Structure formats: structure tokens, C-alpha cells
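Undergrad: This is the structure I want to talk about, given as C-alpha cells.
The values are calculated or read from the model by the stated rules, or taken from the named source; none is laboratory data. These numbers come from a predicted model, not from an experiment. FYI the Cβ positions are ideal-geometry reconstructions off the backbone, even for glycines, and counts take in every protein chain you see.
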Ligand SMILES: [Zn+2]
């Protein structure tokens, strides 16, 4: 539950702090875009079971694969996609921290 709270708190803090000078958009627009990047968790729908609180998402779910992370980060290089890239990157970092807290690993060792 604390993990989910962080998925809202961290984007909120960053959108408020960086909206004006880095995102160059109102903070609430940046925050809404970052919240919409949570839709990436729809990839959990193809997992069995759909929700497992102790499962490590990183590198397990299709949109949480490690090789995608640099592409998510690269989105921040393009101003119109900056908030999307930041939202996805923050999401991956928080999910990875969740793996570390729950299982002592930074990502799932995919087969
Ligand atoms: Zn996730």
C-alpha cells in the first residue's frame, strides 16, 4: 500500500518542483500526465495471477522489461514527451525499489 502511495507522492512532488523550469507546463498538467503513465500497469492483466503483492514486477511484466527502461528515459529528451518519460522512469524506479524491499533483488530474473 505504501508502494502505491509513493506512485502518487513522488510524481506530485516532482511535478510541483520541476513544472515551471523543466517541464514548462503547469504542475497539475505534468502531474496528470505522470498519473496516466500508471496505465503501464495494465500489462499485469496478462499475468497469472493478475495481482500478486509479493511478485517483483520489474522485468516480469511485458512493459516492465529492463530493455525498455532506456527508451522510457529517452522520452524525457523530447519536450512534449518529457512528463511521459519522467512518469514512466519514476514508475520503473519505484517498482524496482519495491522488488528490493520485498525480495532483495532490483528486478525479476526473467527466464
Ligand atoms: Zn508497475
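Undergrad: Consider only pairs whose beta carbons are under 7 Å apart and that are at least six residues apart or on different chains; among these, list those whose first residue lies in the stretch 33-57 and is outside any helix (DSSP H, G or I) and whose second residue is more than 10 Å from the ligand (Cβ to nearest atom) and modelled with pLDDT of 90 or more.
TA: 54/102; 56/99; 56/102; 56/103; 56/105; 56/107; 56/108
Undergrad: For residues that are more than 16 Å from residue 52 (Cα to Cα) and in a loop (DSSP other than H, G, I, E, B), scanning just the stretch 78-111, find the one that is nearest to the chain's Cα centre (by Cα).
TA: Among them, the one singled out is 106.
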